[in-house]
1. Based only on the alpha carbon positions, what is the Kirkwood hydrodynamic radius of the stretch 181-280, in angstrom?
2. I need to check one value: relative contact order of the stretch 39-108, counting alpha carbon pairs closer than 8 Å and at least 6 residues apart, in percent.
3. What ranking, highest mean first, results for peptides 305-311, 14-20 when packing means the other Cβ atoms within 10 Å averaged over each residue?
4. Report, by chain and number, residues whose modeled amide H sits under 5 Å from the one on residue 238, excluding near sequence neighbours (fewer than 5 apart, same chain).
5. If I model a spin label as a point 7 Å beyond the Cα along the Cα-Cβ vector, how far apart are those points for residue 249 and residue 49 in nm?
6. In terms of solvent-accessible area of protein heavy atoms at a 1.4 angstrom probe, what is the ranking of 199, 79, highest value first?
7. Taking the inverse of the average 1/r across all pairs of different Cα atoms in the stretch 81-154, what Kirkwood radius in Å do you get?
8. Rounded to whole Å, give me the distance from the Cα center of the stretch 1-64 to that of the stretch 81-129.
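The values are calculated or read from the model by the stated rules, or taken from the named source; none is laboratory data. Values in this document were obtained by computation on a predicted structure and should not be read as measured data. Every residue, glycine among them, receives a Cβ derived from its backbone with ideal geometry; neighbour counts consider all protein chains shown. The area values use the complete protein model at the heavy-atom level, side chains included, leaving out ligands, DNA and RNA. Shrake-Rupley method; radii C 1.70, N 1.55, O 1.52, S 1.80 Å.
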Amino acid sequence: MEKHIVILPGDGIGPEVTKAAKGVLETTAAQFSHSFTFETQDIGGSAIDNHGTPLPENTVAACKKADGILLGAVGGPKWDNLPGHMRPEKGLLGIRKQLGLFANLRPVKGFDALLHASPLKAEVVAGSDLLIVRELTGGLYFGEPRERRNNGQDVVDTLAYSRHEMERIIDQAFQSAQVRRSKLTSVDKANVLESSRMWREVVEEKKENYPDVEVEHMLVDAAAMKLVTNPGYFDVIVTENMFGDILSDEASVLTGSLGMLPSASIRQDGLGLYEPVHGSAPDIAGEDKANPLAAILSAAMMLRYSFNMNVEADEIEAAVHAVLNEKYHTADLKVEGGTQVSGSELAKKVSEQMTSNDTTENIMRCYA
Ligand code: NAD
Ligand code: IPM
Ligand code: MN
């Protein structure tokens, strides 16, 4: 198959991790006789530096024509004092909004090889396998007005949702639950927020269409606690934009590192932007220390969700499992008896694993 992929490296460790993921995509193309073409565009701080805006028109136009988009990360101290509309993060929010990528899927699965790498007890993490379905183009992130008032003495942000915006993400979450373990936890703050009360109403209405899915409501503060005390309790979590952002970073501790968590930001027709959950990690940028696995697993999600290449995605995920089982890891993970390598070395190990002869066996092991 021929696919055109736009890469948005962004800032900090973004260029390092997207380079790693591109390498793995090239390995996939060679192995399965696909033709992937790549195009790189600016976003975030690097786009501010090169074009004076965090989201150049060229970038949006290229993404609109792409079959899939892979993003690294945006932001960094260099741009932290710019006004809100000029910040690097505005580029990421803008591309999500302009492409209508309303559903952010963030799978969190404890890898056996990393059970002891989590600060949580291994018995708490063992067997956890959940999916956070985060609403991505509404809520506090986009509501108007958002401004300082009264000479900077007052401030307002706005949490706004339309019923339509709630319905489509809740439908997505029910459908995700149907192909997993059929359990949906809707997370809100309905004891305080009117938006959450409406969210609950929509979930209650929608559940009639999905009688096979067991659904419950949970307040976000309680959900935050349960995520680290009993993560195995959850299958699919659906929640609004801000809560989903916070809960997904929290959930990353199950895997041992934020550098492990991939995500897909998708819309109904299948176009997707694939992005690690982590940020630009300015503290380690440029040192080849960044864990590339979140970006590599995001590329696998692109193959699965946008290109319908399930075997190819399985292959990448199995190779990641195999490399972790061999105890290779980057500095963010503490693996007893393991071998610490650089980000680029770890990515190379994944590609080597894919081209080695025992990949089928690895796929079997991964799903055993
Ligand atoms: P961060 O995710 O960049 O880093 C948090 C911590 O995790 C740091 O200690 C970092 O070194 C570590 N970390 C993150 N990814 C890692 C990886 N792949 N390998 C090893 N360690 C990793 O969050 P932050 O420090 O709060 O934010 C830094 C900048 O990134 C900010 O400008 C923020 O706005 C931006 N950000 C961007 C995105 C995105 O582009 N999707 C996401 C989150 C934060
Ligand atoms: C994420 C990030 C972004 C978000 C920021 C950088 C705008 O934290 O993708 O999780 O809050 O959505
Ligand atoms: Mn975040």
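1. Working: mean 1/r = 0.0674 Å⁻¹.
Taking the inverse mean of 1/r over all distinct Cα pairs, the stretch 181-280 comes out at 14.8 Å.
2. Details: 70 pairs, mean separation 25.0, N = 70.
It comes to 36 percent, rounded to a whole number.
3. On the way: 305-311: 16.1, 14-20: 26.1.
My ranking of the peptides, most packed first, is 14-20, 305-311.
4. 133, 185, 186, 187
5. 2.3 nm
6. On the way: 199 10, 79 30 Å².
Output order, biggest surface exposure first: 79, 199.
7. Values: mean 1/r = 0.0628 Å⁻¹.
With all distinct Cα pairs of the stretch 81-154 included, I get 15.9 Å.
8. Result: 19 Å between the Cα centres.
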